[in-house]
Structure formats: structure tokens, C-alpha cells
Amino acid sequence: MGFLRLNSEIKGMIKTSLPLVVVELVSSLYSLTDTYFVSRLGEEAVAAVGISMYLFMLIQTMASLFTIPAIVFTSQSLGSGRRDLARRSTGEVLAYGLVASIAYSTLFAWMTPILISIQSATTGKTYSYAVEYLVIRVGGFPILLLSMFLDSVIIGSGSTTYSMYSNGFGLILNAILDPLLIYGYLGLPRMEVSGAAIATVVSNASSIPLQLFFLSKLGLTPIINFKNNYLKQAIELGLPALAERLVFSIGNNIYAGVIARLGDTVMAAHNIGLRIESLIYMPGFAFSMTASTLVGKKIGAGLLDEAKKTGWVVIATGSMLIGLIGVVVALTGYYIVAPFAPSETVRSLASIYLMYAGLSEFGLGFAMITSGALRGAGNTKIPMIVNTASLVAVRVSLSILLVSSMGPHGPWLAMFLDVYTRGLLLLTIYVSLFYRVARKVLY
């Protein structure tokens with residue numbers, strides 16, 4: 001009987017996670033596609049996009065204040081058989097999210113030149129490219145938030161195939177638009193890095209009609225309202241996730257700044273390596289969201305034992321999968337980076353980055369997926385505390401200390417140690433304290 005239950009849990013995990021793996025690979029391919037086409041513009045362009053993406057990840061953290069509650073509200077509401085509760089609660093969160101994103105986008109578009117100067121101290125062509133790219137991406141943030149939120153509701157429902165379809169459509173459009181807008185094919189103006197940013201914003205927008213169609217089929221279209229019935233619970237869930245990702249992004253921008261100060265060649269190599277690595281770790285986000293969804297549904301139904309077992313199956317499976325892929329990438333990195341590297345020096349450095357990153361994926365998988373399971377259980381504070389503390393104490397601090405003596409190897413080694421620290425701490429908490437931290441958030 002226990003075997004049959006475990007077998008059912010594995011089937012449920014595969015059904016939910018496989019489409020999400022495709023979705024996260026699609027997300028990685030967005031950035032990788034940009035990097036591929038932009039690399040033909042030279043090292044300055046590749047470095048500029050890398051600098052901009054670190055800053056955009058910082059700006060994008062605000063979305064977690066709304067998307068994390070969307071997943072938890074949806075999964076726990078459906079677990080308790082309350083589809084109407086899912087629609088009302090997510091509709092309220094979305095209404096506030098859209099208003100906040102417009103003001104937020106306006107502020108950061110104005111601050112973009114200042115942020116780039118503070119983060120990287122870059123100048124010349126690299127600086128100009130970075131400003132062009134980031135202003136456009138920040139201006140399109142409300143569109144991205146809406147798409148991410150609707151996708152979160154779909155994921156929270158467990159209907160992850162729909163998420164795969166809508167995100168896949170956006171990727172195809174991005175791959176078509178990138179060369180057209182970057183190089184000015186078919187009579188269009190040549191926009192270089194600005195074209196890459198515009199292609200991404202348009203592709204994000206193209207997913208929204210499909211997402212709304214799928215939500216209508218599921219009977220989960222959010223009911224937009226400002227009633228404040230669920231805002232408190234949303235803030236309680238979203239604020240720790242926001243704080244975690246905000247501190248994490250600030251730390252990563254300091255980390256990126258350390259690397260950027262080693263020159264455009266090192267930053268270009270780091271950006272290429274990171275974009276390729278995302279093909280490994282972005283599926284970790286898929287397993288993280290799967291853990292949130294499946295654990296959340298069990299918690300909503302009051303089944304704590306099953307929630308813990310299901311979460312563990314997802315954690316173990318996902319971590320082993322991305323860890324093994326990481327080993328393969330670590331061993332073959334020199335050949336993988338070849339199409340993206342504008343020079344042999346960049347290619348060599350990028351392959352070294354992939355050696356460090358690939359061998360760190362087991363630890364990163366434990367950190368990401370265990371965090372997702374804990375969030376689905378209604379606890380966003382523990383992942384925040386562990387992830388941010390390790391980032392600051394290990395990755396950022398060691399990067400600053402080691403860079404002068406080890407060059408880029410110092411920050412890359414610090415990254416390796418950070419992910420294993422986070423992964424082992426979170427795994428220990430999950431195994432020993434799950435019943436103390438799990439809770440139902442909606443009634």
C-alpha cells in the first residue's frame with residue numbers, strides 16, 4: 001500500500017513538473033537567444049546585457065510579493081475544494097500588483113543610468129548598451145508582472161501543460177524577433193541591443209491572451225477587486241519571499257560588480273556561462289514550483305504526512321536530475337560555450353565558470369526545491385532567512401575577499417560554497433522541523 005502511494009506521488013510529480021521543466025528551459029532560452037544574437041555585436045554588448053540582467057533580476061524581485069501568494073492561494077484553495085476562493089483571492093492580489101508595478105516601473109526606468117554606474121562602474125559603449133537595454137526591459141515590467149502572475153495561478157492549479165504552451169509560444173516569437181530587430185532584417189531598422197530588449201517585452205506580452213484563455217477553461221480567471229479580504233495573508237506570504245529575493249538580488253549585484261570590475265572580457269565570459277548554466281538551474285525552479293503546488297494542495301486538504309512525503313520525492317528527484325546534468329556540463333563546457341564566445345579568451349574563461357557552476361548544481365537543487373516545498377507548506381520566512389544569510393556570509397563576503405588573489409576564480413568558488421551551504425541547511429530543516437513550520441493560510 002505504501003509502495004502504491006509512493007508510485008502515485010511520483011506520477012503526480014512527473015505530470016506536474018515535466019511541463020514546468022519545459023517552461024523554465026523556455027525562460028532560459030529567452031536569455032540564451034538574446035546572448036547568442038547579441039554576441040555578434042562584440043564583447044561590450046555581451047557584457048552590457050550581463051550587467052543589465054543582474055539589475056533587472058533585482059528589479060524583478062518585486063513580482064514575488066504577488067506571484068508567491070498566487071501559487072499558495074491557488075493550490076491550497078483547490079486542495080480544500082474552494083475554486084471560488086482561488087478566483088477572489090488571486091484577483092485581489094493581482095489588482096494591487098498591477099497598480100504597484102506601474103509606479104515601480106516608472107521609478108526604476110528613471111534610475112537606470114544611476115544603477116548601472118553604481119553596480120558596475122562601466123563606461124563607454126558598454127555603459128550605453130546597458131542603459132538602452134535596461135530602460136526598455138524596466139518599461140515593460142508591468143507586462144511581465146501580469147504574465148508571471150497569470151502563469152503562477154496556472155501553475156498553482158497543477159495544470160502546468162498550459163503554462164508550457166503559453167511560454168513556448170512566447171519563446172518562438174522571441175527567437176523570430178531577435179535577429180529581425182537586432183540586425184534590422186526585412187527592412188526593419190537595426191536596433192542592436194535595444195532590439196533584443198524590445199523582442200523580449202513583445203514576447204512576454206504575447207503570452208497573456210493564451211494565459212487568460214487557459215484560465216477561463218480552468219474556471220480560475222482572477223476576479224479583479226480591491227476588497228482587502230486577503231491582502232493581509234498575501235503580504236504575510238509575499239513579504240518574506242520579497243525580502244529574500246531582494247537581499248539575494250542585491251547580493252548578486254554586488255557579486256556581479258566584483259566580476260564586472262575585472263573587465264569586459266571576464267564579464268562577457270561570466271554572462272555566457274551564466275546563461276548556459278540557466279539551462280540546468282532553471283528546471284530547478286520548475287521542481288521548486290512543483291513542490292510548492294503539490295505540498296500546498298496536501299496542506300490545504302489537511303494531509304501533513306502526505307505533504308512531507310510528496311515534498312521529499314520532488315526534492316530528491318529534482319536535485320539528482322539537475323545535479324547529474326551539471327556534471328555533464330562541467331565536463332563539456334569548453335565545447336558548449338563555443339557558439340556564444342566572441343573570442344578564445346572568453347571561451348576559455350566561460351568554460352572554467354561552467355566547471356564551478358556545473359559541480360555546484362546538487363547543492364543548488366537542494367536549496368531551490370526545498371525552499372519551494374517550505375513555501376507550499378505556508379512558510380516563506382525560513383527560506384528567506386537561510387538563503388539570504390548564506391548569500392551575504394558566504395558568496396558576497398568571500399567574493400570580495402578572494403577576488404584580489406584569485407581573480408574570477410575567487411567569486412566563482414564563493415558561489416560554489418554558498419549553494420552547498422544553503423542546500424544542506426534547508427534540507428536539514430525540512431527533514432527535522434516540517435510539522436512545526438507547515439500551516440494552512442486560507443480558511
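Checked against (1) in a helix (DSSP H, G or I); (2) in contact with a helix residue (DSSP H, G or I) (Cβ under 8 Å, 6 or more places away or on another chain), Gly378 meets all criteria but (1). Figure legend. Inter-residue proximity from the stretch 107-131: first residues at positive phi, second residues surrounded by 15 or more Cβ atoms within 10 Å (Cβ to Cβ) and part of a helix (DSSP H, G or I), beta-carbon distance below 8 Å, spacing 6+ or different chains. Indicated pairs: Ala121/Gly257; Ala121/Ala260; Gly124/Glu44. Among the residues of the stretch 229-248, those identified as touching a helix residue (DSSP H, G or I) at 6+ places or on another chain (Cβ under 6 Å) and surrounded by fewer than 20 Cβ atoms within 10 Å (Cβ to Cβ) are Ala243, Leu246, Val247. Candidates are the residues of the stretch 161-179 that are closer than 10 Å to Asn204 by Cα and among the aliphatic types (A, V, I, L, M); the one that is surrounded by the most Cβ atoms within 10 Å (Cβ to Cβ) is Leu171.
Of all the listed residues (Gly81, Gly158, Gly124), the sole one being surrounded by fewer than 24 Cβ atoms within 10 Å (Cβ to Cβ), closer than 25 Å to Phe213 by Cβ and over 21 Å from the mean Cα position of the chain (by Cα) is Gly81. All of Phe73, Phe66, Phe56, Phe108 fail the test of being within 23 Å of the chain's Cα centre (by Cα), under 24 Å from Ala341 (Cβ atoms) and among the aromatic types (Phe, Trp, Tyr), apart from Phe56. Of the residues contained in the stretch 422-442, one or more are found to be crowded, with 23+ Cβ neighbours inside 10 Å and under 16 Å from Gly251 (Cα atoms). Within the stretch 240-266, being over 25 Å from Val46 (Cα atoms) and either out of contact with any Ser or Thr (no Cβ under 8 Å at 6 or more places or on another chain) or among the acidic types (Asp, Glu) (or both) holds for one residue alone: Glu244.
Does Thr290 meet the test of being surrounded by fewer than 19 Cβ atoms within 10 Å (Cβ to Cβ) and either in contact with a helix residue (DSSP H, G or I) (Cβ under 9 Å, 6 or more places away or on another chain) or assigned to a helix (DSSP H, G or I) (or both)?
In short, no.
Picking from Thr332, Thr345, which residue would you name as being of a type outside the set (Asp, Glu), touching a residue at least 60 places away in the same chain (Cβ under 8 Å) and surrounded by fewer than 20 Cβ atoms within 10 Å (Cβ to Cβ)? Exactly one residue qualifies, and that residue is Thr345.
Taking the stretch 202-242 as the range and being touching a residue at least 12 places away in the same chain (Cβ under 8 Å) and closer than 15 Å to Phe169 by Cβ as the test, the residues that pass are Val202, Ser203, Asn204, Ala205, Ser206, Ser207, Ile208, Leu210, Gln211, Leu212, Phe214. Note on the stretch 221-230: residues that are closer than 17 Å to Val153 by Cα and either of a type outside the set (A, V, I, L, M, F, W, C) or at pLDDT 95 or above (or both) amount to 4.
The values are calculated or read from the model by the stated rules, or taken from the named source; none is laboratory data. Predicted, not measured: the structure shown is a model, and the values here were computed from it. When we count neighbours, we look across all protein chains shown, and the Cβ atoms used for this are built from the backbone with ideal geometry, even at glycine.
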